[in-house]
Amino acid sequence: MAETVIAYPGHAEPSAFTRAELDWLPWLPPLPAEDLTDRHWAGLVDAARAKSAYFMLLARDPDILGARTRTDKDIFYNTSGGLPRAERELAATAASRFNGCIYCASVHARFAAHHSKREADIDRLLALGVGADLDARWNAIVAASVALSETPVTFGPAHVAALRAAGLDALQIADVIHAAAFFNWANRLMLTLGVPSVG
Amino acid sequence: MTASVTDAPDVIDLLAGVSPGSPLDAIRAERPQARQNAQASFLALFQPADEGDATRAERYAVATFVAGLHRQPDLVAFYAKGLADAGQERLIAAEIARAAAHGPYGHYPAGPLSAEDQPGPAFLVSEASLPALGPRLSAAFAHAHLLVFHPRDAAPGALQNLLDAGWSATGIVTLSQLVSFLAFQIRVVAGLRTLAATLAGGA
C-alpha cells in the first residue's frame, strides 16, 4: 500500500491547451496487471484500458469505474437521435477548457475537430478560452457548458432559450447537459490524481 | 451487483422530479445506458457491496458537504439522511457555511496560461470541528473543497495529506470518484430541472 505519492522531478508539463497527444502520469500507484481479478477486468470494460495508467489507477475501485465508463459511452457514443457527436465533444472541450483540464481538453478537442471538421474554431476555443466567438449555435453550446460547469451551477432558462434559438430540441439540450456534466466528473479525476506530460 | 440495483428508486429522476410518462422521462429513456449507469454509479458509491477503504458513514458525510458546496438544499437533505446523527449534520452545515466559494478558480502551470490564473481560497475544517470529524474526514473535506472549486490547483501534496491522514491509495480513488460523480449528478439534476421547467412552460 502506498504511503507516499509518486513524484516526477523535471517532467515536461504542458503549459498551454493543445490538440496534440499528451501523456498522463499518476501520483498514486496504478494496480499491477498481475493483480487484476475478474471484478477488475469487468470495471475496465475494455481490456485495452489495462494499458492506461489512468484506468489502472481507477481500477482500484472497479465497480464505480465500470459504471462511470458505461455512463460516459452512452452520453458520447449513443447517436440514435439527439446532438451530433461533434457537438457533444464541443461541450466536453468547453467544460474542460473552463475547468482548466489541459489533458481532457486535448483529447476531446481532437474528437470535436475530427467530427466537425472545424479545426480552426476548436483551436480558437483552446487558445482564447470559452469567450471565443465561434458561431451562434456553438456559442450557445459553449455558454451552456460553462454555466453548467460553474460551482454553484448558473445554468438557467436563458441558456435553454439560447439553445432553442440555435435550433436544438429538448433531447439535444439534454445531450449538452449530460456531456458538460460528465466532463465535470472526468476533469476532476484527471486534474487531481496525476499530471499531464508532453510526449 | 446487488439486488438493490433494480429495487432502489432512480436518484436523478427523484431529485430532478422526473415522473413516469413525462417529457423528461421520454428523453432520459433515449439514453438508457447513461440512465442505468448513473444509477449504478450512485449505488456503487453509496451502497457498496464492500465498503473497501472508505466507510459508508464517511461517504455520506463527504456527499453532504459536497452538495452543500454546490448550494443544492435538496441534495444536502438527501445525503444527510445517511449521516450518523443530527449533531454531525449541524457540524457539516457549519463547515459548508465556512467553505462557500465560487468556482472554478486556480492556477495553471507557469507559462502563457498564467494570465488566466485566478487565486481563491483553500479550505481546512475549523479547529472546533476537527476533534468531532476526526483526521480522516477533515482531510477528506479539505480535498473535496479542492475538487469542487479549484481542481486545477491539485498537486501531489494534496494526496499526501490524505495518505498522512490514514487514507489508502484505493480509498483516495473511491473518495475522488465520489466527489467527482457528485459534480456530475448535481449538474444533471440542475440541468434537467431547468429543462423540465421550460417544457412545462409549453415548449
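For segment B:26-62, taking the residues that are surrounded by fewer than 15 Cβ atoms within 10 Å (Cβ to Cβ) and farther than 26 Å from B:L83 by Cβ, the one that is farthest from the other protein chains (Cβ to nearest Cβ) is identified as B:A29. Taking the criterion of being of a type outside the set (D, E, K, R) and more than 29 Å from A:H114 (Cα to Cα), the residues of segment A:12-45 that qualify are A:W27, A:L28, A:P29, A:P30, A:L31, A:P32, A:A33, A:L36, A:T37, A:H40, A:W41, A:A42. For segment A:69-88, a residue qualifies if it is touching a residue at least 60 places away in the same chain (Cβ under 8 Å), assigned to a helix (DSSP H, G or I) and under 20 Å from A:V146 (Cβ atoms), and the qualifying residues are A:I75, A:F76, A:E87, A:R88.
Does any residue of segment B:104-112 turn out to be of a type in the set (G, A, S), part of a helix (DSSP H, G or I) and either closer than 25 Å to B:P48 by Cα or within 13 Å of chain A (Cβ to nearest Cβ) (or both)? Among the residues of segment B:104-112, not one is of a type in the set (G, A, S), part of a helix (DSSP H, G or I) and either closer than 25 Å to B:P48 by Cα or within 13 Å of chain A (Cβ to nearest Cβ) (or both), which makes the answer no. Restricting attention to segment B:122-137, does a residue exist that is more than 14 Å from every other protein chain (Cβ to nearest Cβ) and under 15 Å from the mean Cα position of the chain (by Cα)? Yes, segment B:122-137 contains a residue that is more than 14 Å from every other protein chain (Cβ to nearest Cβ) and under 15 Å from the mean Cα position of the chain (by Cα). Evaluated against (1) within 9 Å of chain A (Cβ to nearest Cβ); (2) modelled with pLDDT under 95; (3) more than 27 Å from A:A181 (Cβ to Cβ), B:G87 falls short on exactly one condition, (1). Within segment A:154-185, track down each residue that is outside any helix (DSSP H, G or I), among the aliphatic types (A, V, I, L, M) and either touching a Gly at 6+ places or on another chain (Cβ under 7 Å) or more than 19 Å from A:F76 (Cα to Cα) (or both). Residue satisfying the conditions is A:A166 alone.
Picking from residues in segment A:53-68 that are in contact (Cβ under 8 Å) with a residue 24 or more places away in the chain and outside any helix (DSSP H, G or I), the one that is nearest to the chain's Cα centre (by Cα) is A:A59.
Here the condition is being surrounded by 16 or more Cβ atoms within 10 Å (Cβ to Cβ) and more than 9 Å from chain B (Cβ to nearest Cβ); of A:L168, A:L148, A:L193, A:L128, it holds for A:L168 alone.
For A:W24, the criteria (1) at pLDDT 95 or above; (2) part of a helix (DSSP H, G or I) hold in every case but one, which is (2).
The values are calculated or read from the model by the stated rules, or taken from the named source; none is laboratory data. Bear in mind the structure is a predicted one, so any value in this text is a computation, not a measurement. Neighbour counts run over all protein chains shown; Cβ positions are idealised from the backbone, glycine included.
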